[in-house]
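Notes follow once the structure below has been shown.
The values are calculated or read from the model by the stated rules, or taken from the named source; none is laboratory data. This structure is a prediction, so every number in the text was calculated from the model and none was measured. All Cβ positions, glycine included, derive from the backbone under ideal geometry; neighbour counts span all protein chains shown.
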């Protein structure tokens with residue numbers, strides 16, 4: 001991914017707005033932040049992962065759990081992270097197992113909120129697999145809760161979306 005010049009300029013202005021004067025920080029941090037954001041938010045510019053389909057017995061339940069992800073809250077631009085569990089009842093087709101991980105990580109790789117991310121994963125899998133049953137469960141810790149405001153480092157948020165064909 002190629003860095004965007006505008007991002008570096010914006011970060012430099014942000015640092016100056018906070019009256020940061022350290023030469024090394026002003027010289028190098030904007031480039032580091034730009035590079036980091038291009039990696040963390042790659043889902044804004046990259047296409048969804050290519051899928052590999054495989055036959056599966058109709059009615060078979062497939063569960064892929066503890067899929068880890070890191071994302072960015074679109075409300076505060078702070079990290080949230082956790083795990084996703086995907087449960088589906090096959091309609092005769094499934095994906096290669098690593099594709100489930102790639103799908104979760106793709107939708108996490110842009111500023112979003114947990115509820116939207118769960119819905120996007122759900123809709124993507126429903127469209128491509130047309131399962132008899134689909135459930136997406138995302139459990140996450142939000143640094144906008146643990147590091148600011150209420151400062152509760154222990155709570156988790158769980159979002160569940162399910163559908164039947």
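Out of the residues in the stretch 1-28 that are surrounded by 12 or more Cβ atoms within 10 Å (Cβ to Cβ) and not in a helix (DSSP H, G or I), state the one that is modelled with the highest pLDDT.
20
How many residues does the stretch 29-59 hold that are under 23 Å from residue 125 (Cα atoms), buried (at least 16 other Cβ atoms within 10 Å of the Cβ) and free of Cβ contacts under 8 Å to residues at least 24 places away in the same chain?
Final tally of qualifying residues: 0.
Hey, any hits in the stretch 29-49 for a residue that's within 22 Å of residue 105 (Cα to Cα), assigned to a strand (DSSP E or B) and either at pLDDT 95 or above or in contact with a strand residue (DSSP E or B) (Cβ under 7 Å, 6 or more places away or on another chain) (or both)?
Among the residues of the stretch 29-49, not one is within 22 Å of residue 105 (Cα to Cα), assigned to a strand (DSSP E or B) and either at pLDDT 95 or above or in contact with a strand residue (DSSP E or B) (Cβ under 7 Å, 6 or more places away or on another chain) (or both), which makes the answer no.
Quick check on my filter: what residues within the stretch 106-134 are crowded, with 19+ Cβ neighbours inside 10 Å and over 17 Å from the mean Cα position of the chain (by Cα)?
129, 131, 134
Can you report the number of residues in the stretch 50-86 which are part of a strand (DSSP E or B) and under 18 Å from the mean Cα position of the chain (by Cα)?
Selection size over the stretch 50-86: 18.
Can you tell me which residues in the stretch 96-152 are touching a helix residue (DSSP H, G or I) at 6+ places or on another chain (Cβ under 6 Å), assigned to a loop (DSSP other than H, G, I, E, B) and touching a residue at least 12 places away in the same chain (Cβ under 8 Å)?
Selection gives 109, 110.
Checking the structure you have, find out if any residue of the stretch 143-152 is loosely packed, with under 15 Cβ neighbours inside 10 Å and more than 20 Å from residue 81 (Cβ to Cβ).
No - not one qualifying residue is present in the stretch 143-152.
Yes/no per residue for (1) under 14 Å from residue 62 (Cα atoms); (2) in contact with a strand residue (DSSP E or B) (Cβ under 7 Å, 6 or more places away or on another chain); (3) in the same structural domain as residue 59 (by TED's automatic domain parsing):
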position: 93; (1), (2), (3): yes, yes, yes
position: 99; (1), (2), (3): yes, no, yes
position: 102; (1), (2), (3): no, no, yes
position: 105; (1), (2), (3): no, yes, yes
position: 111; (1), (2), (3): no, yes, yes
position: 117; (1), (2), (3): no, yes, yes
position: 120; (1), (2), (3): no, no, yes
position: 133; (1), (2), (3): yes, yes, yes
position: 136; (1), (2), (3): yes, yes, yes
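Residue 155 passes all but one of (1) more than 28 Å from residue 11 (Cβ to Cβ); (2) in a loop (DSSP other than H, G, I, E, B); (3) out of contact with any strand residue (DSSP E or B) (no Cβ under 9 Å at 6 or more places or on another chain); which number fails?
If we test residue 155 against (1) more than 28 Å from residue 11 (Cβ to Cβ); (2) in a loop (DSSP other than H, G, I, E, B); (3) out of contact with any strand residue (DSSP E or B) (no Cβ under 9 Å at 6 or more places or on another chain), just (3) comes out false.
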